[in-house]
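Structure first, commentary second.
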Protein chains: 2
Amino acid sequence: MVTLKDIAEKAGVSSMTVSRVMNGNTKDVSAKTTERIKKIADEMGYIPNSSARVLASRSSRLIAALLSDYGEGGTPLEDSYSSCFLGELTRQIQKEGYDLMLHYVKDYTDINYSLKSWKVAGAVFIGMFDENIRKIQKDNSIPLIFTDSYSTVRSIINVGIDDYQGGELAAGYLLEKGHKNLAFIGPAVLGNGVIMHRLQGFCSFLREKGVSVPPEHIVDFGSDDMAGLLKRLCFSENPVTGIFATSDVCASWIYAAAYRLGIRIPEDLSVIGFDDIGMSRYMIPPLTTIRQDIRRKAKIASELLMKNIRNPDSPMENIVMSVELVERESVCGLGTGHF
Amino acid sequence: MVTLKDIAEKAGVSSMTVSRVMNGNTKDVSAKTTERIKKIADEMGYIPNSSARVLASRSSRLIAALLSDYGEGGTPLEDSYSSCFLGELTRQIQKEGYDLMLHYVKDYTDINYSLKSWKVAGAVFIGMFDENIRKIQKDNSIPLIFTDSYSTVRSIINVGIDDYQGGELAAGYLLEKGHKNLAFIGPAVLGNGVIMHRLQGFCSFLREKGVSVPPEHIVDFGSDDMAGLLKRLCFSENPVTGIFATSDVCASWIYAAAYRLGIRIPEDLSVIGFDDIGMSRYMIPPLTTIRQDIRRKAKIASELLMKNIRNPDSPMENIVMSVELVERESVCGLGTGHF
DNA sequence: ATCAGTTACGTTAGCGCTAACGTTTGATTA
DNA sequence: TAATCAAACGTTAGCGCTAACGTAACTGAT
C-alpha cells in the first residue's frame with residue numbers, strides 16, 4: 001500500500017508537502033515540486049486513505065442516502081421512482097467528489113448510526129421522515145435534505161413537488177373532458193402528506209367547479225382486488241367515468257383490472273396517473289399523467305446539499321417544483337363509452 | 001463526541017477494555033465489567049468511529065456496489081431490475097453488520113479508487129464487467145462478486161441465471177403453441193453475454209426441432225421505431241407470429257407498437273418476455289415471461305460475499321440459478337389471428 | 001509452599017493523515 | 001545594512017481505535 005510517506009521519501013520531501021499537493025493546496029508548494037510529486041504519486045499508484053483523512057481532518061466527503069426500512073406500501077428502490085432518484089443523486093454527488101453510502105433505516109438509532117459512525121458530511125432522506133428530526137439536527141450539525149416531506153417542523157431543507165397543483169391539474173383536465181363522476185384511487189391515501197395534498201388539490205379544484213367526490217370514491221387501495229373495486233365504481237347506477245390514480249404504477253393496476261372486466265380505457269373509463277415513469281408512454285393506451293422531473297429533483301437535492309455543506313449558514317429552503325400534465329390517450333371526452 | 005476514552009474514564013478502566021466489550025471480545029473481560037461498560041456506553045450514546053476502526057484494524061465492514069457509468073442502453077438503477085437487486089443486496093449485507101457504498105464507475109481508475117480508498121472488505125459488480133479484472137483481483141485481495149457475467153476469465157465468483165435455459169424455455173413454449181415463424185428482439189443483442197446466451201438457447205432449441213430463425217428476425221433494437229420494425233416483421237408474406245423479447249421492458253415496447261399498428265396480442269402476435277418484473281402481471285394482456293428470482297440472486301450474492309470475506313480461501317464459485325416460465329396470456333395457439 | 005496456568009485487565013505503539021504552528025531562505029524595503 | 005516579509009518548506013502532535021504484547025492477581029495441582 002502506497003502512503004504519503006512513501007511518496008515523500010522518494011521525492012525527498014516531507015509527507016506534509018505531499019499532503020498539500022494531494023489536496024490541491026498548492027499555494028504553499030512550488031510549481032516544480034508540485035509537478036514532481038504529482039508524477040511520483042501517479043507512478044506509484046497512490047490512492048489516499050479516506051479513513052485516515054476523515055480521522056485527521058474530522059470531516060469526510062461522504063453523503064448518506066437514507067431509505068425507510070419499514071416500507072409502507074412497497075419498499076423503496078423497487079419502484080422506478082426512488083431508484084431513479086438515487087441513481088441520479090449518486091451521479092451528481094460523485095461529480096462533486098463525494099461518495100455515497102446507502103442505508104436502510106428503521107428508527108432513530110439506525111439514523112444516528114448512519115450519520116455518526118462514518119462522520120458523513122450530509123444526508124438525504126429519500127421519501128422518508130422521522131419525527132425525531134429536531135434531535136437529529138441538533139446532534140449532527142450537518143445538512144439534512146428531505147424529499148417530498150410535508151412536515152409540520154419548519155427549518156428543514158426539503159425538495160419536493162407541488163402535489164396540490166398536480167391534483168388540480170388532474171381535476172381540471174378530467175373536468176374539461178366532461179367527466180363529473182370521479183374517483184381517487186391509490187395506496188396510502190392516509191399514509192403521508194404527498195398523497196394527501198394530491199387529493200386535496202384534486203377535490204378543492206372540483207369543489208370550486210361545483211363538483212364533489214363522494215367519500216366512497218376516495219379509496220386507499222393496493223393491487224389486491226382492484227377488479228372488485230372497479231366493479232363497484234363502474235357498474236353502478238351512476239358510474240365513475242374518470243379516475244385519478246395516485247401513481248402510474250397504480251394506474252397500471254387499474255388498466256389490468258379494467259381489461260379483465262371488459263371496461264375499455266379511455267372509451268368507458270378515463271384514467272390519469274402521476275409521476276410519468278418510463279413505462280407510462282408504453283402502456284395501452286399511453287397514459288395521460290402528471291409528470292414530475294425526478295432527475296431534476298435529484299440534481300436540486302445534490303445542489304442544495306453541496307451549498308449547505310460549503311456554507312452551513314445557508315438559509316433553509318423548501319423547494320417546490322411544479323408539475324405538468326402530459327396528455328396522452330388514457331382520457332377521452334365523455335359520451336363515447338358504454339355507461 | 002463520545003469516544004472510548006470517555007467511557008473508559010467514567011468506568012475507571014482502560015480504553016482497551018472498553019474496546020474489547022464494544023467488539024464482543026468478552027472472553028477477556030469479566031461479566032460484571034462488561035455489563036457496567038455496556039450500560040455506560042449506552043447512557044453516553046456511544047457510536048464507534050468507523051474511520052478510526054478501519055485505520056487501526058486495517059479492515060473495514062464496508063461493501064462497494066459498482067455500477068457501470070457508460071451505460072449502454074439505459075443506465076443502471078433506472079430499470080426495476082438492477083435497483084431491486086441493489087435494494088435487496090443492501091438489506092442483506094446490513095443484516096450482516098456491513099455498510100454499502102454505491103459507486104458509478106467508468107474505468108479501471110474509478111474501480112481502483114472505489115475499492116482502495118475506503119478499504120472495502122468486498123465488492124459486487126452489478127451487471128458490469130471490466131477487462132482489467134485480473135489486475136483488480138491481484139491489487140486487491142478482497143472478494144469480488146460478479147452478477148450475470150460471462151467472462152472468459154475463470155477464477156471469478158459469479159452469480160447469474162441460466163440464460164441459455166431461458167432461451168430454450170421460450171422456444172419450447174412458442175413451438176408447443178404452434179409458432180414456427182419467430183423473431184428475437186431487444187436491445188444489445190451483441191452487447192454482453194447475457195443476451196447472447198438467451199439467443200443461443202432460443203435458436204439451438206429451435207434448430208433441434210427443425211425450425212430456423214432467419215438473421216433478419218434477430219434484431220438488436222431499442223424503443224425508437226419499434227412500429228416500423230413490427231410492420232416489417234408482421235405485415236409480410238410469411239409473417240412472424242411469435243416474438244421472444246430480451247426483457248419485459250422490451251416486451252412493453254412491442255405491446256405499444258403492436259397496439260398502434262392494430263396488431264392484437266396474443267391473437268395476431270404472441271410475445272414472451274424475460275425477467276418477470278413487477279409490472280408484467282399488469283400488462284394487457286398479462287405477459288408470459290421467463291422469470292428470474294432477483295431477490296434470491298441478491299441474497300446469494302450477499303452470502304457468497306460474506307463466505308469469502310470470512311474465509312478468503314473459499315473456492316471460486318459460479319452460481320447458475322435456474323429460471324422458470326410464467327404462463328400468462330401473451331402467447332396463444334396459432335391459427336386464431338389475422339395472418 | 002511452589003509453580004504453572006488462567007483470568008482480567010493495562011501499556012505501548014502506530015494505522016495514515018492533517019491542523020497548527022515552526023523554520024529556513026531569499027527578496028524587498030526603510 | 002538591518003529589519004521585514006512572503007514563499008516554501010518541515011515538525012509536532014494527535015484524530016480514535018486496535019494488535020500485540022505485557023502483568024498482576026488468583027486458582028488449583030503437586
Practice item. Select, from A:Ile47, A:Ile37, the only residue that is hydrophobic (A, V, I, L, M, F, W, C) and within 11 Å of DNA strand C (Cβ to nearest atom). Key: A:Ile47
Practice item. Determine whether A:Met316 is in contact with a Ser or Thr (Cβ under 9 Å, 6 or more places away or on another chain), over 22 Å from A:Thr90 (Cβ atoms) and assigned by TED's automatic domain parsing to the domain that holds A:Asp148. Key: yes
Point to revise | Test: A:Glu9 is more than 27 Å from A:Ile300 (Cβ to Cβ), acidic (Asp, Glu) and out of contact with any Leu (no Cβ under 8 Å at 6 or more places or on another chain) | key: yes
Check your understanding: Which one of these is among the hydroxyl-bearing types (Ser, Thr, Tyr), within 22 Å of A:Leu287 (Cβ to Cβ) and more than 29 Å from the chain's Cα centre (by Cα): A:Thr241, A:Thr246?
Key -> A:Thr241
Exercise for review: Determine whether the range B:63-80 contains at least one residue that is acidic (Asp, Glu), more than 9 Å from DNA strand C (Cβ to nearest atom) and modelled with pLDDT of 95 or more.
Suggested key: no
Review point. Which helices (runs of 4 or more DSSP H) sit wholly inside the range A:179-292 and have at least 3 residues that are touching a Gly at 6+ places or on another chain (Cβ under 7 Å)?
Key: A:193-208, A:248-261
Exercise for review: Report yes if some residue within the range A:56-77 is crowded, with 21+ Cβ neighbours inside 10 Å and acidic (Asp, Glu); otherwise report no.
Suggested key: no
Practice item. Give the number of residues within the range B:129-166 that are in a loop (DSSP other than H, G, I, E, B) and among the basic types (Lys, Arg). Key: 1
**Study point:** Within the range B:1-27, considering residues that are of a type in the set (Ser, Thr, Tyr) and more than 14 Å from chain A (Cβ to nearest Cβ), the one nearest to DNA strand D (Cβ to nearest atom)
**Key:** B:Ser19
Check your understanding: Just one of B:Asp275, B:Asp268, B:Asp313, B:Asp224 is under 15 Å from B:Gly186 (Cα atoms) and over 22 Å from the mean Cα position of the chain (by Cα); which is it?
Key -> B:Asp224
Check your understanding: Considering A:Ile161, A:Ile145, which residue is under 13 Å from the mean Cα position of the chain (by Cα), within 27 Å of A:Pro215 (Cβ to Cβ), at pLDDT 95 or above and surrounded by 22 or more Cβ atoms within 10 Å (Cβ to Cβ)?
Key -> A:Ile161
Point to revise | Residues within the range B:270-304 that are out of contact with any helix residue (DSSP H, G or I) (no Cβ under 7 Å at 6 or more places or on another chain) and more than 10 Å from chain A (Cβ to nearest Cβ), tallied | key: 8
Check your understanding: Just wondering, is there one or more residues in the range A:11-19 that are touching a residue at least 24 places away in the same chain (Cβ under 8 Å) and in contact with a helix residue (DSSP H, G or I) (Cβ under 6 Å, 6 or more places away or on another chain)?
Key -> yes
Practice item. Select, from B:Ser117, B:Ser59, B:Ser30, the only residue that is over 16 Å from the mean Cα position of the chain (by Cα) and in contact (Cβ under 8 Å) with a residue 24 or more places away in the chain. Key: B:Ser59
Revision key, fill the gap. The residue that is farthest from DNA strand D (Cβ to nearest atom), considering only those in the range B:28-53 that are among the small types (Gly, Ala, Ser) and within 14 Å of chain A (Cβ to nearest Cβ), is B:Gly45
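The values are calculated or read from the model by the stated rules, or taken from the named source; none is laboratory data. Everything numeric here is computed off the predicted structure, so don't read it as measured data. Quick reminder, even Gly has a Cβ in these numbers, built from the backbone with ideal geometry, and neighbours come from all protein chains shown.
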